[in-house]
Amino acid sequence: MWVSESTKIERGCLKISGVNLGERDFDYWYNFDVKNTKRLIAILSGQSQECDVQKLLIDNFGGLFGLSKLRELCKLFEIQCDYVSL
């Protein structure tokens, strides 16, 4: 189970951080640069009439397998991000 602590866009860059609680607890961070944030939002916007970025992210990546879906979409469309976990 994962618990997202923060999803925000700062200076045009998407930043997602949270804690995964399970057999092995760990903190994680996904950091997208401006170019890849724009690409991700454009792809998500093309799939929906929704213009609220926060809602787009929740609708597409919320829930139990949300981060897996995010990684799959990024791989499919070659969207780059920095990923760190501790």
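No lab work stands behind these numbers, since they all come straight from the coordinates. On a predicted model such as this, the values are computed, not experimentally measured, just so you know. Neighbour counts run over all protein chains shown; Cβ positions are idealised from the backbone, glycine included.
So how strong a dipole does the chain carry about its Cα centre when Lys and Arg Cβ are +1 and Asp and Glu Cβ are -1, to the nearest 20 debye?
260 debye
Return the inverse of the average 1/r over all pairs of distinct C-alpha atoms in the stretch 1-84, which is the Kirkwood hydrodynamic radius, in Å to one decimal.
Working: mean 1/r = 0.0763 Å⁻¹.
Value: 13.1 Å, from the Cα pair sum.
Counting helices only, and only those DSSP H runs with n ≥ 4, report the 222 nm mean residue ellipticity of the chain as the sum of -39,500 (n - 2.57) divided by its residues, in deg cm²/dmol to the nearest 500.
-11500 deg cm²/dmol
Pull up the cross-link candidates among the lysines for Lys35, meaning alpha carbon to alpha carbon under 18 Å and not fewer than 8 places away within one chain.
Excluding near neighbours in sequence, the set is Lys8, Lys15, Lys75.
Going through the chain, which GluC sites (Glu not before Pro) have at most 11 other Cβ atoms within 10 Å and a DSSP loop state?
Glu23, Glu78
Express in nm, to one decimal, how much length is gained between Asn31 and Leu86 on full extension, taking 0.36 nm for each residue of separation and deducting their alpha carbon distance.
Values: separation 55, 0.36 × 55 = 19.80 nm, distance 1.47 nm.
The Asn31-Leu86 span can extend by a further 18.3 nm.
What trypsin sites (Lys or Arg not before Pro) does the stretch 21-86 have in DSSP loop regions with at most 10 other beta carbons within 10 Å?
Working: sites: Arg24, Lys35, Lys38, Arg39, Lys55, Lys69, Arg71, Lys75; in loops: Arg24.
In loop regions of the stretch 21-86 (DSSP not H, G, I, E or B), the sparsely surrounded trypsin sites (Lys or Arg not before Pro) are Arg24.
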